[in-house]
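Before any comments, here is the structure.
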Amino acid sequence: MTSGKYLRLAIGVVAIAGLIVVPINFNRYGLFILSQWAVMTIAAMGLNLTLGYAGQVSLAQGAFVGIGAYTAAILTTLGWPLIAALALAILLCFAVGWMLGYPALRVQHHYLAFVTLAFSTLMFLVFRNESWLTNGIYGISNIPRPHVFGFATNKPLPFYYLCLASLGIVSAAMWWLIRSPWGRAFTALRENPLRALSLGVDTRRYTLMAFALGSVLGGVSGVLYAPLTQYIDPVPFNLSLSLDLLMMVIVGGAGFFLGPFLGAMISVLLPEWLRDYTHDYYLMVYAIAVIGLLIYSPTGILGILDRYLTARRTKAASALRAAAQSRLETAQ
Amino acid sequence: MSNLLDLIVAGLATGAIYALVAVGFTLLWQTSQTINFAQGEFVMLPAFLMLAVMHLGAPFWLAILVGMLLSMLLLGLAFKMLLVDPMLRHGVLPLAIATMALAIGIKEAVKQFFSAEASPFPSIVPAGDISILGRTVSLQSLGVLALAILAVTALTMLLNRTSLGHQMQAAAQNPTVARIIGVPVERMILLTFLINAVLVALASLLITPIYLAKFSSGEVLGQAAFIAAIVGGFNQVRGAIAGGLLIGVVDNLAAAYVSTQYRAAVPMILLIAVILLRPQGLLGRSEERTV
């Protein structure tokens, strides 16, 4: 088991080093796409917490990315520092996410999906129509990029590192969270709410908390999205972003820590890569690839790995048992 | 007041189309727990199939016929065999995501192989106005309403009055018992997929002359059908019909009396209210929950 642990650690270190070193020579566009991957991964991690760990379906994650992005855009163009916008976006998304959790106390599954879908559409209408705040369909341009510890992040590479560092911090927090008693309570909520309740887990509070925390990560992702694109309008935050994020979580593997990383990779990087080979048909090929993958493994990419590892472990265990059995027989 | 009546008639006409789509949607849910996120794209596609047949020089009636058949083949049979059957046993969510991907695929395919521009589509109902009791009413609205009512009545007759319909209902309500008493459940499920394909093709035929054939038109339609299905009652055909008509009228009235900017919000608020206050829908029965 320890060798497996070292192997995983080594893979992790190589992956992180790769993410830091390899893009140094990337052009502007490549860095933009990679930064977008990091930003979307944060949002997908939030949804993975709500859906994958706590089992609450949400089709509103895109709306929280929008709330975060608009908070950042409005405040930073007014001259506030990005970190202040981040704090406000976190508070805002926590409060709104908490409120959105209330329907989940009453209805589940597809009904919950539709309530959150309606919320998502309503938020889009607010972004589009409340021009005094969001500048409506014209959007907000010239969103400044922040200075971090005195370093300007105007150039693509430093900004990519900012996104990557944020992803690192969020990942560490998430790693800690799902191993804490809270994380276990979320899983209990997903697996068997009734049993969780009878064991003394306050399911009501944890359901609301799952929504609120997941939404906060949507907001964090939005706060980075605004300075990444430097221009936002309502269109990117419509329902299809929420659907995309849901697709990322399921395709990567809901309830797996690394699921959102892979899912966002499929959703952000795969279309770009396909574009080079299949030109105008890339979205079609992408759709077919996603359907094929889900038919092959409904639990996502990590579901395949999980099945393979379980099969290998079972095989190893039965080999051990057979060996022990034969030893026992010879001893007799 | 005269304006109000016109708005209601036009709303009922669009609502009747929503009802067709919503009925298909609930049928799929009842018989095979499929939440079809591509339902709107299913409505968009048949119009393009019919246009393609007409480009080959076929007359309109033949194009309709071929379009219907193709739609049954692609959106009924192929959809069930290739997508729903392999995924059904893995639960609702992965299948729902797969239909989202399918929606993207259909949209892109139409955009690439047909056109990214909106194309006009011939109407099977003659245009113009007629006067009834001294009032002018759009012939198109009336024709659409009449055809949709006809289709829905035929479907309810099929479901409630014939042995085949009873078998379908049995297969939907309790597949295990239905199988024991000799209902060919598999064939019944296939039949609901074919019926859904016919319903969406019909809806396509009725709505495309009004809104033009465009690859992206499925999004709005699909959402309207979802809302109609839920507001009316997710597990009831008559609920979906009532929901469709209600959403059509509410949407039209909202456009006139609420701001045009927030017209889309009204059905959404209705949806949230219904789900929170009466989750089984206005006409639905509450679902049994297994704990």
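The values are calculated or read from the model by the stated rules, or taken from the named source; none is laboratory data. This is a predicted model, so every value here is computed, not measured. In this analysis, Cβ positions are derived from the backbone assuming ideal geometry, glycine residues included, and neighbour counts consider all displayed protein chains.
At-a-glance table
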{"quantity": "Selection count where residues are over 25 Å from A:ASN25 (Cβ atoms) and in a loop (DSSP other than H, G, I, E, B), scope segment A:132-168", "calculated": "7"}
{"quantity": "Members of segment B:112-157 that are within 14 Å of chain A (Cβ to nearest Cβ) and either within 25 Å of B:TRP61 (Cα to Cα) or of a type in the set (Val, Ile, Thr) (or both)", "calculated": "B:PHE113, B:PHE114, B:SER115"}
{"quantity": "Selection within segment B:52-101 - of a type in the set (Gly, Ala, Ser), within 14 Å of chain A (Cβ to nearest Cβ) and touching a residue at least 60 places away in the same chain (Cβ under 8 Å)", "calculated": "B:ALA96"}
{"quantity": "Only listed residue being within 21 Å of A:LEU164 (Cβ to Cβ) and within 10 Å of another protein chain (Cβ to nearest Cβ), chosen from A:VAL249, A:VAL220", "calculated": "A:VAL249"}
{"quantity": "Residue within segment A:167-176 that is buried (at least 17 other Cβ atoms within 10 Å of the Cβ), over 30 Å from B:ALA264 (Cα atoms), away from every other protein chain (no Cβ under 14 Å) and touching a Leu at 6+ places or on another chain (Cβ under 6 Å) present", "calculated": "no"}
{"quantity": "Test: residue in segment B:64-73 that is buried (at least 18 other Cβ atoms within 10 Å of the Cβ) and among the small types (Gly, Ala, Ser)", "calculated": "yes"}
{"quantity": "Extreme residue, surrounded by the most Cβ atoms within 10 Å (Cβ to Cβ), among residues of segment A:229-255 that are under 11 Å from the mean Cα position of the chain (by Cα) and among the hydrophobic types (A, V, I, L, M, F, W, C)", "calculated": "A:VAL249"}
{"quantity": "Residue in segment B:260-277 that is surrounded by the fewest Cβ atoms within 10 Å (Cβ to Cβ), counting only those that are facing chain A (nearest Cβ under 8 Å) and assigned to a loop (DSSP other than H, G, I, E, B)", "calculated": "B:GLN261"}
{"quantity": "Options B:ALA116, B:ALA58, B:ALA52, B:ALA127: the member that is among the small types (Gly, Ala, Ser) and in a helix (DSSP H, G or I)", "calculated": "B:ALA52"}
{"quantity": "Segment A:177-211, residues that are small (Gly, Ala, Ser) and either surrounded by fewer than 21 Cβ atoms within 10 Å (Cβ to Cβ) or over 24 Å from A:ALA38 (Cα atoms) (or both)", "calculated": "A:SER180, A:GLY183, A:ALA185, A:ALA188, A:ALA196, A:SER198, A:GLY200"}
{"quantity": "Enumerated helices (runs of 4 or more DSSP H) restricted to segment A:1-84, each holding at least 2 residues that are aromatic (Phe, Trp, Tyr)", "calculated": "A:28-47, A:61-77"}
{"quantity": "Enumerated helices (runs of 4 or more DSSP H) restricted to segment A:214-328, each holding at least 1 residues that are under 16 Å from A:THR41 (Cβ atoms) and acidic (Asp, Glu)", "calculated": "A:239-252, A:270-278"}
{"quantity": "Residues satisfying the stated conditions in segment B:243-259, i.e. among the polar types (S, T, N, Q), free of Cβ contacts under 8 Å to residues at least 24 places away in the same chain and in a helix (DSSP H, G or I)", "calculated": "none"}
{"quantity": "Residue satisfying condition, being surrounded by fewer than 19 Cβ atoms within 10 Å (Cβ to Cβ) and basic (Lys, Arg), within set A:ARG145, A:ARG128, A:ARG106", "calculated": "A:ARG106"}
{"quantity": "Meets criteria (more than 14 Å from chain A (Cβ to nearest Cβ), aromatic (Phe, Trp, Tyr) and touching a residue at least 60 places away in the same chain (Cβ under 8 Å)) for B:PHE193", "calculated": "yes"}
{"quantity": "Single condition B:PRO122 does not satisfy, out of (1) of a type outside the set (Lys, Arg); (2) assigned to a loop (DSSP other than H, G, I, E, B); (3) at pLDDT 85 or above; (4) surrounded by 17 or more Cβ atoms within 10 Å (Cβ to Cβ)", "calculated": "(4)"}
{"quantity": "Unique match (being modelled with pLDDT under 95, over 20 Å from B:GLY281 (Cβ atoms) and among the charged types (D, E, K, R)) among A:ARG106, A:ARG128", "calculated": "A:ARG128"}
{"quantity": "Scope segment A:177-203; condition outside any helix (DSSP H, G or I) and either under 26 Å from the mean Cα position of the chain (by Cα) or within 14 Å of another protein chain (Cβ to nearest Cβ) (or both); matching residues", "calculated": "A:SER180, A:ASN192, A:VAL201, A:ASP202"}
{"quantity": "Close pairs (6 angstrom Cβ cut-off, 6 or more residues apart or separate chains): free of Cβ contacts under 8 Å to residues at least 60 places away in the same chain in segment A:192-218, of a type outside the set (S, T, N, Q) and part of a helix (DSSP H, G or I) anywhere", "calculated": "A:ALA196/A:ALA188; A:ALA196/A:LEU189; A:VAL201/A:ALA185; A:VAL201/A:ALA188; A:THR203/A:LEU189; A:THR203/A:PRO193; A:THR203/A:ALA196; A:THR203/A:LEU197"}
{"quantity": "Pairs where the first residue, in segment B:215-229, is away from chain A (no Cβ under 11 Å) and the second is surrounded by fewer than 24 Cβ atoms within 10 Å (Cβ to Cβ) and outside any helix (DSSP H, G or I), C-beta under 7 Å, 6+ apart", "calculated": "B:PHE215/B:ALA116"}
{"quantity": "Hits in segment A:280-315 - residues which are of a type in the set (Gly, Ala, Ser) and more than 13 Å from every other protein chain (Cβ to nearest Cβ)", "calculated": "A:ALA311"}
{"quantity": "Hits in segment A:90-119 - residues which are part of a helix (DSSP H, G or I), at the interface with another protein chain (Cβ under 9 Å from one of its Cβ atoms) and not hydrophobic (A, V, I, L, M, F, W, C)", "calculated": "A:TYR102, A:PRO103, A:ARG106, A:HIS109, A:HIS110, A:TYR111"}
{"quantity": "Options A:LEU82, A:LEU86, A:LEU117, A:LEU92; residue that is surrounded by 14 or more Cβ atoms within 10 Å (Cβ to Cβ) and at pLDDT below 90", "calculated": "A:LEU117"}
